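These notes concern the structure reproduced below.
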Ligand code: SF4
Ligand code: F3S
């Protein structure tokens, strides 16, 4: 079992989540974070930290976002680990809650 970062994080990246992870499994890309499924210990600590509820348990991934399970695994192998909170993206508040952001994902 792992937790998954969903589409809501794209173009927001608030990074509150990284501070609480005991095993440093968040990886950072230009405008999105992912969780390494091989490192996640299913502790649940990160889920309530995200201000826009972009993190869910693998079992709770919505049907229309199932591709994010594989995407978290794939990108966590490519992107560096992030362990400290940083400023959210400049227009994060404008993009919070918007749908259809997968096309804007930068790798
Ligand atoms: Fe890290 Fe725990 Fe969240 Fe997994 S559930 S990503 S171990 S904080
Ligand atoms: Fe993304 Fe939420 Fe973390 S927006 S960076 S999952 S706090």
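For this structure, a couple of remarks:
- Exclusive hit being within 13 Å of ligand 1 (Cβ to nearest atom), surrounded by fewer than 21 Cβ atoms within 10 Å (Cβ to Cβ) and at pLDDT 95 or above, set 53, 67, 19, 74: 19
- Those strands (runs of 3 or more DSSP E) of segment 8-67 in which at least 1 residues are out of contact with any strand residue (DSSP E or B) (no Cβ under 7 Å at 6 or more places or on another chain), considering only elements entirely within it, cover 26-28.
The values are calculated or read from the model by the stated rules, or taken from the named source; none is laboratory data. Computed from a predicted structure; not experimentally measured. Here the Cβ is made from the backbone with ideal geometry for all residues, glycine too, and neighbour counts use every protein chain on show.
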